[in-house]
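See structure below.
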Amino acid sequence: RDLLQRHLDLARLAALSAEDAPDEAEWLRLVAAAPAQARELLQTEGYFSAAVQVRREGPAPARIRVQVTPGPRARVRELSLRVEGMMRQRADAGDTDARAQIEALRQAWPLGPRTFFRNGDWSSAKNAALARLRSLGYAQPQITASAADVDVAAAEVKLDLVLDSGPLFLAGPLRIEGLERQDDATVRNMAGFGPGAPLTETLLLDYQDRLRKSGQFAAAVAT
C-alpha cells in the first residue's frame with residue numbers, strides 16, 4: 001500500500017490544487033497506465049502475479065480506486081554464486097586463505113533459499129559482495145554475470161551471480177609524510193608488513209590504529 005501511494009503517478013494528483021489538476025485526456029491516460037505501473041512496482045517487492053484493478057468514480061476531479069490482489073510473494077529457490085579472477089586462481093592453486101575467503105563470501109550472502117525476494121535486497125547483496133572483495137585487497141572487483149530467473153507460477157526465483165575479483169593488490173614501498181618530531185623508522189616498524197603483502201582493508205586499519213594508539217602523533221591516517 002505505502003509503495004503504491006508513494007510512487008503511482010495517480011497518487012501524486014492528490015497533492016495538486018484544482019487549477020493544477022489534469023484535463024480529461026490526462027485523467028484517462030493515467031487511469032489506463034496505472035495497472036501496469038502498479039504491477040511493475042509490486043514486482044520490485046517480489047509480487048510477480050499481482051492482479052490490479054483501477055476504477056474511476058465520477059467526473060474530474062474524481063475518486064480513483066486501486067484494488068490489488070498481490071498473490072504469493074516470491075522466495076529464492078536457489079543461488080549460484082561463482083567467483084572468478086585471481087581469487088579463484090589462488091584457490092584452485094591450493095591457497096587456503098583464498099578458499100576460506102570464497103566460502104566466507106558465500107556464507108555472508110543474505111538471500112539464501114526460502115528468503116523473500118526483493119529487488120532492493122538483491123542489489124544490496126551484490127554491492128555488499130563487491131565491498132567484501134575490496135576489503136580483502138581486490139580493489140577492482142566487478143560483476144560479470146547477474147540474473148534473477150523468476151518462475152511466476154511457483155513464486156520462486158533462481159539467482160545467478162558471477163564475480164570477478166580482479167587482481168590482488170599488494171603493498172608497494174611505504175611513503176611517509178608529515179613527520180616533525182619522529183623519524184621514519186618509528187613509523188615503518190609499526191607497519192608489521194612490507195612490500196609484497198596483500199593490501200587488505202584490515203591490514204591498513206590495524207596499522208592506522210597502532211599509529212594512533214602509540215601516543216606519538218596528533219593524528220595518523222593510512223591509505
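Quick notes on this one:
- Index of the failed condition, Leu163 passing every other in (1) part of a strand (DSSP E or B); (2) farther than 20 Å from Arg99 by Cβ: (2)
- The number of residues in the range 208-223 that are farther than 23 Å from Asp97 by Cβ, of a type outside the set (S, T, N, Q), touching a residue at least 12 places away in the same chain (Cβ under 8 Å) and open to solvent by 70 Å² or more (accessible area, probe 1.4 Å) comes to 1.
- Across the range 166-206, the number of residues qualifying as among the polar types (S, T, N, Q) and either touching a His at 6+ places or on another chain (Cβ under 8 Å) or assigned to a loop (DSSP other than H, G, I, E, B) (or both) comes to 2.
- Restricting attention to the range 159-197, the residues being buried (at least 17 other Cβ atoms within 10 Å of the Cβ) and either under 26 Å from Arg132 (Cβ atoms) or within 26 Å of the chain's Cα centre (by Cα) (or both) number 9.
- Extreme residue, most open to solvent (accessible area, probe 1.4 Å), among residues of the range 123-158 that are touching a Ser or Thr at 6+ places or on another chain (Cβ under 6 Å) and of a type in the set (A, V, I, L, M): Val152
- Scanning the range 42-69 for residues that are surrounded by fewer than 17 Cβ atoms within 10 Å (Cβ to Cβ) and either in contact with a helix residue (DSSP H, G or I) (Cβ under 8 Å, 6 or more places away or on another chain) or charged (D, E, K, R) (or both) turns up Thr44, Gln53, Arg55, Arg56, Glu57, Ala60, Pro61, Ala62, Arg63, Arg65.
- The range 84-108, subset in contact (Cβ under 8 Å) with a residue 12 or more places away in the chain and not aliphatic (A, V, I, L, M), residue least open to solvent (accessible area, probe 1.4 Å): Gly85
- In the range 180-207, the residues that are free of Cβ contacts under 8 Å to residues at least 60 places away in the same chain form Cβ pairs under 8 Å with partners that are among the basic types (Lys, Arg) and open to solvent by 90 Å² or more (accessible area, probe 1.4 Å), at six or more places apart or across chains, as follows: Met190/Arg210; Gly192/Arg210.
The values are calculated or read from the model by the stated rules, or taken from the named source; none is laboratory data. These figures come from a predicted structure and were not determined experimentally. When we count neighbours, we look across all protein chains shown, and the Cβ atoms used for this are built from the backbone with ideal geometry, even at glycine. What goes into the accessible areas is simple: the full protein's heavy atoms, side chains included, and nothing from ligands, DNA or RNA. Shrake-Rupley method; radii C 1.70, N 1.55, O 1.52, S 1.80 Å.
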